[in-house]
Amino acid sequence: MSTIDRRQFLERMLALGGTALATAAFLSLLSCSKEPTPEPPSDNTTPPPPVDAAYVAVARGDDPATLVQRSVDALGGIGRFVKLGNDVIIKPNICSAYRTPEYAATTNPEVVAALVALCLGAGAKRVRVMDRSFDGSAEDAYANSGIAAAVQAAGGEMELMATMKFQDTAIPNGKSITSCNVYRDILQTDVLIDVPIAKDHSMAGLTLGMKNLLGVVSNPGKYHTDMAERVTDLTSLVMPDLTVVDAVRILMNNGPTGGSLNDVKRMNTVIASHDIVAADAYASTLFGKTLPDIVRAGARRGLGTTDLASVKIEEIAA
């Protein structure tokens, strides 16, 4: 049967008098039409960010959970990143088994827990938190950082990174290195959220979002040669969907593990962006130091921007 246009359809409906017979005719015409019925959009379709969304959001205030909520909201909300049924991995900095949160060597547990709660609230199937400690055992690092207890209270899972899950993986855009031994689940997860603490680093200048990704490889020492390019190579493969920089407390000197409260500065700040380079560039301004080579390399290689004057930065008093 040939298709009819809208005018012909309306004429037939009127002739039928708008009765139950009209409804039957309507259904019959639909079944005969050659035009397919559009599929409804998938629940996991990533919507574009709202037109008024911040490119970088900077929240300041006394409550870390509120800072996370407000900064992510300014980007368009957690629903921009996490969909119903998603598997989410959150990657904080839990490098040391010998530092409690006040020493600013590890990510603030309240910041991590707030992200877990947001992701679960958005309908994530599960939210795992993990890192590879280089200073003591992962079990002790998870516990002493306060992150394990906070994550579990928020409904998330702490995962010890199993040796068997690290796999050699090609880096298609690698310059200094063309492969890495990376944790398989990091590559397979639906959503990766990078949550570094902003702190001094004796070799890199600063440890921020890009440098924090060394916790997903089995041999981070390999990246201390030609560090800027190699960390950028890794970032090009393991690109987070969202970066949230914990600057509630920052470690000003003697990083990455610190050990003296005299080196810690209270900033009560959280910085969030979909652009890891931009997040790192803004976080760098808190230290009054030259922009780290790693961050410059990330911008040069097209992974994000350090030109903060060219993007929308929303400053929030939370």
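The values are calculated or read from the model by the stated rules, or taken from the named source; none is laboratory data. Computed from a predicted model, the values in this text were never measured in an experiment. Cβ atoms come from the backbone with ideal geometry, glycine included; neighbour counts cover every protein chain shown.
Applying the criterion of being touching a strand residue (DSSP E or B) at 6+ places or on another chain (Cβ under 7 Å) and small (Gly, Ala, Ser) to the residues of the range 192-241, the residue that is nearest to residue 104 (Cα to Cα) is 198.
Among the residues of the range 222-251, those that are closer than 24 Å to residue 113 by Cα and of a type in the set (A, V, I, L, M) comprise 238, 239, 242, 244, 245, 247, 248, 250, 251. State yes or no: is residue 24 of a type in the set (Gly, Ala, Ser) and either assigned to a strand (DSSP E or B) or modelled with pLDDT of 50 or more (or both)? It is false that residue 24 is of a type in the set (Gly, Ala, Ser) and either assigned to a strand (DSSP E or B) or modelled with pLDDT of 50 or more (or both). Right, residue 204: more than 30 Å from residue 300 (Cβ to Cβ) and buried (at least 18 other Cβ atoms within 10 Å of the Cβ) or not? Answer is no for this residue. Consider the range 230-284. How many of its residues are in contact (Cβ under 8 Å) with a residue 24 or more places away in the chain, surrounded by fewer than 19 Cβ atoms within 10 Å (Cβ to Cβ) and in a helix (DSSP H, G or I)? Qualifying residue count for the region: 3. Kindly establish whether residue 182 is in contact with a Phe, Trp or Tyr (Cβ under 7 Å, 6 or more places away or on another chain), assigned to a strand (DSSP E or B) and assigned by TED's automatic domain parsing to the domain that holds residue 266. So residue 182 passes the test. Annotation note: of 170, 198, the sole residue that is free of Cβ contacts under 8 Å to residues at least 24 places away in the same chain and within 21 Å of residue 241 (Cα to Cα) is 170.
Taking residues in the range 305-317 that are assigned by TED's automatic domain parsing to the domain that holds residue 63 and under 21 Å from residue 69 (Cα atoms), and partners anywhere that are at pLDDT below 95 and of a type outside the set (Val, Ile, Thr), the pairs with Cβ atoms closer than 9 Å and at least 6 places apart or on different chains are 312/52.
Yes/no matrix, rows are residues, columns are (1) assigned to a loop (DSSP other than H, G, I, E, B); (2) free of Cβ contacts under 8 Å to residues at least 60 places away in the same chain:
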| position | (1), (2) |
| --- | --- |
| 82 | yes, no |
| 90 | no, no |
| 111 | no, no |
| 120 | no, yes |
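In summary, residue 198 fulfils each of the numbered conditions (1) buried (at least 19 other Cβ atoms within 10 Å of the Cβ); (2) not in a strand (DSSP E or B) with the single exception of condition (2). Could you look through the range 285-300, keep only residues that are β-branched (Val, Ile, Thr) and out of contact with any helix residue (DSSP H, G or I) (no Cβ under 7 Å at 6 or more places or on another chain), and pick out the one that is surrounded by the most Cβ atoms within 10 Å (Cβ to Cβ)? Only one residue tops the list, namely 285.
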